[in-house]
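To start, the structure itself, in C-alpha coordinates.
The values are calculated or read from the model by the stated rules, or taken from the named source; none is laboratory data. Since this is a predicted model, take the numbers as computed values, not measurements. Cβ: placed from backbone, ideal geometry, glycine included. Neighbour counts: every protein chain shown. The protein model used for the area step is the full one, side chains on, heavy atoms only, and it has no ligands, DNA or RNA in it. Shrake-Rupley method; radii C 1.70, N 1.55, O 1.52, S 1.80 Å.
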Amino acid sequence: MVPGDIELRCLADRLGHCFGELGHLRQALTHRSAVLGADGSNERLEFLGDTVLDLCLSEVLLERFPGAGSGQLTKLKSLHVSNECLAGVADRLDLAEYLQVGGGQCLVGDRTEQRLLANAFEAVLGAVYLDGGIAAAKRVVVQCMLSGDLSDTLERSPDEGNHKAALQEWLQARQRERPRYTVVRTEGSDNRPTFFVEARSGELVATGDGPNKRAAESEAAAELLRMLMESEASEPSSGASAAGGAGAR
(Lines give C-alpha, C1' and ligand atoms only; values in the text may rest on other atoms or scores of the structure.)
Protein backbone atom coordinates (compact mmCIF):
# COMPACT_ATOMS: atom_id res chain seq x y z
CA MET A 1 0.00 0.00 0.00
CA VAL A 2 1.34 3.39 -1.00
CA PRO A 3 1.23 5.73 2.03
CA GLY A 4 -1.25 8.58 1.66
CA ASP A 5 -0.99 12.12 2.96
CA ILE A 6 -2.37 11.15 6.37
CA GLU A 7 0.25 8.43 6.85
CA LEU A 8 3.02 10.74 5.66
CA ARG A 9 1.98 13.47 8.08
CA CYS A 10 2.03 10.93 10.92
CA LEU A 11 5.61 10.11 9.95
CA ALA A 12 6.41 13.83 9.73
CA ASP A 13 5.15 14.24 13.30
CA ARG A 14 7.54 11.53 14.44
CA LEU A 15 10.36 13.27 12.62
CA GLY A 16 9.50 16.55 14.30
CA HIS A 17 9.08 18.50 11.05
CA CYS A 18 5.90 19.83 9.44
CA PHE A 19 6.35 19.53 5.69
CA GLY A 20 5.15 22.33 3.49
CA GLU A 21 5.53 20.02 0.50
CA LEU A 22 4.82 16.36 1.22
CA GLY A 23 6.14 15.44 -2.20
CA HIS A 24 9.68 15.68 -0.86
CA LEU A 25 8.96 13.10 1.84
CA ARG A 26 7.10 10.84 -0.58
CA GLN A 27 10.07 10.79 -2.94
CA ALA A 28 12.47 10.11 -0.06
CA LEU A 29 10.52 6.93 0.63
CA THR A 30 10.53 5.68 -2.97
CA HIS A 31 13.26 3.18 -3.79
CA ARG A 32 14.54 3.06 -7.36
CA SER A 33 13.06 -0.44 -7.80
CA ALA A 34 9.57 1.05 -7.45
CA VAL A 35 9.85 3.54 -10.33
CA LEU A 36 10.98 3.65 -13.95
CA GLY A 37 14.26 5.54 -14.11
CA ALA A 38 16.06 7.33 -11.31
CA ASP A 39 14.23 10.66 -11.49
CA GLY A 40 11.40 9.66 -9.16
CA SER A 41 13.49 7.63 -6.73
CA ASN A 42 15.15 8.68 -3.49
CA GLU A 43 18.74 8.34 -4.77
CA ARG A 44 19.37 12.08 -5.25
CA LEU A 45 17.81 12.88 -1.87
CA GLU A 46 20.00 10.21 -0.29
CA PHE A 47 23.07 11.89 -1.80
CA LEU A 48 21.98 15.23 -0.36
CA GLY A 49 20.98 13.77 3.00
CA ASP A 50 24.38 12.15 3.47
CA THR A 51 26.04 15.58 3.35
CA VAL A 52 23.36 17.19 5.51
CA LEU A 53 23.74 14.48 8.14
CA ASP A 54 27.50 14.93 8.22
CA LEU A 55 27.17 18.68 8.79
CA CYS A 56 24.39 18.49 11.38
CA LEU A 57 25.97 15.69 13.37
CA SER A 58 29.37 17.40 13.33
CA GLU A 59 27.82 20.58 14.75
CA VAL A 60 25.98 18.64 17.47
CA LEU A 61 29.15 16.80 18.49
CA LEU A 62 31.09 20.06 18.71
CA GLU A 63 28.40 21.39 21.05
CA ARG A 64 28.19 18.24 23.19
CA PHE A 65 31.91 17.56 23.50
CA PRO A 66 33.66 20.96 23.69
CA GLY A 67 36.86 19.40 25.04
CA ALA A 68 37.20 16.63 22.46
CA GLY A 69 39.91 16.73 19.80
CA SER A 70 39.30 16.27 16.09
CA GLY A 71 40.41 12.64 16.20
CA GLN A 72 37.94 11.81 18.97
CA LEU A 73 35.14 13.68 17.21
CA THR A 74 35.85 11.85 13.94
CA LYS A 75 35.79 8.50 15.72
CA LEU A 76 32.54 9.31 17.50
CA LYS A 77 30.87 10.59 14.35
CA SER A 78 31.82 7.44 12.46
CA LEU A 79 29.84 5.39 14.99
CA HIS A 80 26.69 7.36 14.27
CA VAL A 81 26.83 7.46 10.48
CA SER A 82 27.38 3.70 10.20
CA ASN A 83 24.76 1.60 8.44
CA GLU A 84 24.00 -0.16 11.73
CA CYS A 85 23.25 3.06 13.57
CA LEU A 86 21.24 4.67 10.78
CA ALA A 87 19.24 1.50 10.25
CA GLY A 88 18.49 1.56 13.98
CA VAL A 89 17.14 5.10 13.60
CA ALA A 90 15.02 3.94 10.68
CA ASP A 91 13.70 1.06 12.80
CA ARG A 92 12.61 3.47 15.51
CA LEU A 93 10.76 5.52 12.91
CA ASP A 94 9.22 2.42 11.28
CA LEU A 95 10.47 3.59 7.89
CA ALA A 96 10.09 0.06 6.51
CA GLU A 97 6.32 0.50 6.74
CA TYR A 98 6.47 3.55 4.45
CA LEU A 99 9.30 2.64 2.09
CA GLN A 100 8.13 1.75 -1.42
CA VAL A 101 10.09 -0.96 -3.22
CA GLY A 102 9.56 -3.24 -6.23
CA GLY A 103 6.00 -2.78 -7.40
CA GLY A 104 4.83 -0.69 -4.45
CA GLN A 105 5.16 -3.40 -1.80
CA CYS A 106 6.36 -2.25 1.63
CA LEU A 107 9.26 -3.90 3.41
CA VAL A 108 8.37 -5.23 6.83
CA GLY A 109 10.14 -6.84 9.75
CA ASP A 110 13.10 -9.13 9.12
CA ARG A 111 12.88 -8.65 5.35
CA THR A 112 14.38 -5.20 5.66
CA GLU A 113 18.00 -4.71 4.72
CA GLN A 114 20.27 -2.56 6.83
CA ARG A 115 21.73 -0.57 3.97
CA LEU A 116 18.32 0.06 2.41
CA LEU A 117 16.96 1.54 5.64
CA ALA A 118 20.10 3.59 6.27
CA ASN A 119 19.80 5.08 2.78
CA ALA A 120 16.12 5.81 3.35
CA PHE A 121 16.82 7.79 6.51
CA GLU A 122 19.47 9.84 4.70
CA ALA A 123 16.97 10.49 1.91
CA VAL A 124 14.35 11.61 4.45
CA LEU A 125 16.88 13.98 5.98
CA GLY A 126 17.58 15.36 2.51
CA ALA A 127 13.86 15.92 2.04
CA VAL A 128 13.65 17.78 5.35
CA TYR A 129 16.54 20.01 4.29
CA LEU A 130 14.88 20.87 0.97
CA ASP A 131 11.62 21.62 2.74
CA GLY A 132 12.84 23.52 5.81
CA GLY A 133 16.56 24.22 5.53
CA ILE A 134 19.52 23.25 7.69
CA ALA A 135 17.90 24.29 11.00
CA ALA A 136 14.99 21.92 10.37
CA ALA A 137 17.38 19.12 9.42
CA LYS A 138 19.38 19.61 12.60
CA ARG A 139 16.22 19.42 14.70
CA VAL A 140 15.37 16.08 13.07
CA VAL A 141 18.89 14.76 13.72
CA VAL A 142 18.65 15.75 17.37
CA GLN A 143 15.15 14.32 17.84
CA CYS A 144 15.68 11.07 15.94
CA MET A 145 19.27 10.25 16.81
CA LEU A 146 19.45 11.50 20.39
CA SER A 147 16.53 9.66 21.93
CA GLY A 148 16.30 6.39 23.81
CA ASP A 149 19.21 3.99 23.39
CA LEU A 150 20.83 6.18 20.75
CA SER A 151 21.02 9.02 23.27
CA ASP A 152 22.97 6.74 25.60
CA THR A 153 25.31 5.89 22.75
CA LEU A 154 25.96 9.50 21.82
CA GLU A 155 26.53 10.62 25.40
CA ARG A 156 29.23 8.06 26.10
CA SER A 157 32.90 8.95 25.99
CA PRO A 158 34.34 9.43 22.50
CA ASP A 159 36.91 6.77 23.41
CA GLU A 160 34.27 4.04 23.70
CA GLY A 161 33.75 1.78 20.69
CA ASN A 162 31.15 -0.65 19.44
CA HIS A 163 30.57 -3.37 22.04
CA LYS A 164 29.91 -6.13 19.50
CA ALA A 165 33.04 -5.23 17.54
CA ALA A 166 35.13 -5.11 20.73
CA LEU A 167 33.89 -8.55 21.75
CA GLN A 168 34.59 -9.94 18.29
CA GLU A 169 38.14 -8.56 18.29
CA TRP A 170 38.82 -9.95 21.78
CA LEU A 171 37.70 -13.44 20.75
CA GLN A 172 39.55 -13.38 17.43
CA ALA A 173 42.78 -12.38 19.16
CA ARG A 174 42.48 -15.59 21.21
CA GLN A 175 41.39 -17.70 18.23
CA ARG A 176 37.98 -18.40 19.68
CA GLU A 177 34.71 -18.84 17.84
CA ARG A 178 32.38 -15.95 17.17
CA PRO A 179 29.80 -15.15 19.85
CA ARG A 180 26.26 -16.37 19.27
CA TYR A 181 23.31 -14.01 19.79
CA THR A 182 19.79 -15.25 20.45
CA VAL A 183 16.59 -13.29 21.04
CA VAL A 184 15.03 -15.13 23.99
CA ARG A 185 11.85 -13.07 24.29
CA THR A 186 10.18 -9.73 23.66
CA GLU A 187 7.91 -7.76 25.96
CA GLY A 188 5.74 -4.67 25.65
CA SER A 189 3.55 -3.41 22.83
CA ASP A 190 4.32 -3.54 19.11
CA ASN A 191 5.03 0.19 19.16
CA ARG A 192 7.34 0.09 22.21
CA PRO A 193 8.80 -3.41 22.46
CA THR A 194 11.68 -4.51 24.67
CA PHE A 195 13.98 -7.19 23.27
CA PHE A 196 15.87 -9.61 25.52
CA VAL A 197 18.98 -11.17 23.98
CA GLU A 198 21.53 -13.75 25.11
CA ALA A 199 25.16 -13.60 23.97
CA ARG A 200 27.08 -16.85 24.35
CA SER A 201 30.77 -17.77 24.14
CA GLY A 202 31.59 -21.30 25.23
CA GLU A 203 29.95 -21.88 28.59
CA LEU A 204 29.53 -18.19 29.37
CA VAL A 205 26.16 -16.57 28.70
CA ALA A 206 25.34 -12.87 29.12
CA THR A 207 22.03 -11.10 28.68
CA GLY A 208 20.99 -7.67 27.47
CA ASP A 209 17.81 -5.81 26.69
CA GLY A 210 16.82 -2.78 24.66
CA PRO A 211 14.11 -1.17 22.51
CA ASN A 212 15.45 -2.99 19.43
CA LYS A 213 17.47 -6.09 18.66
CA ARG A 214 20.68 -4.18 17.95
CA ALA A 215 20.62 -2.33 21.27
CA ALA A 216 19.93 -5.54 23.20
CA GLU A 217 22.77 -7.36 21.41
CA SER A 218 25.14 -4.49 22.14
CA GLU A 219 24.33 -4.60 25.87
CA ALA A 220 24.70 -8.38 25.96
CA ALA A 221 28.04 -8.12 24.13
CA ALA A 222 29.36 -5.59 26.65
CA GLU A 223 28.38 -7.85 29.55
CA LEU A 224 29.84 -10.96 27.90
CA LEU A 225 33.14 -9.18 27.23
CA ARG A 226 33.30 -8.14 30.90
CA MET A 227 32.69 -11.74 31.98
CA LEU A 228 35.34 -13.10 29.62
CA MET A 229 37.95 -10.59 30.77
CA GLU A 230 37.26 -11.38 34.43
CA SER A 231 37.46 -15.09 33.71
CA GLU A 232 40.79 -14.70 31.93
CA ALA A 233 42.20 -12.53 34.72
CA SER A 234 41.30 -15.17 37.32
CA GLU A 235 43.07 -17.97 35.46
CA PRO A 236 46.60 -18.75 36.73
CA SER A 237 49.26 -18.30 34.07
CA SER A 238 51.17 -21.28 32.82
CA GLY A 239 54.35 -19.69 34.13
CA ALA A 240 52.93 -19.30 37.61
CA SER A 241 51.73 -22.89 37.56
CA ALA A 242 55.14 -24.12 36.53
CA ALA A 243 56.83 -22.05 39.23
CA GLY A 244 54.44 -23.38 41.82
CA GLY A 245 55.15 -26.93 40.74
CA ALA A 246 58.90 -26.38 40.92
CA GLY A 247 58.60 -24.94 44.42
CA ALA A 248 56.57 -27.91 45.56
CA ARG A 249 59.30 -30.30 44.47
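Below 8 Å between Cα atoms, with a sequence gap of 6+, how large is the relative contact order for region 3-92 in percent? RCO, region 3-92: 13 percent. Peptides 172-179, 26-33 ordered by packing proxy, namely the average of other Cβ atoms within 10 Å per residue, highest first: 26-33, 172-179.
Rounded to the nearest 20, the Cβ-based charge dipole of region 159-232 about its Cα centre (Lys and Arg +1, Asp and Glu -1) stands at 280 debye.
In this structure Asp13 has an accessible area near 120 Å², from a 1.4 Å probe over the protein heavy atoms.
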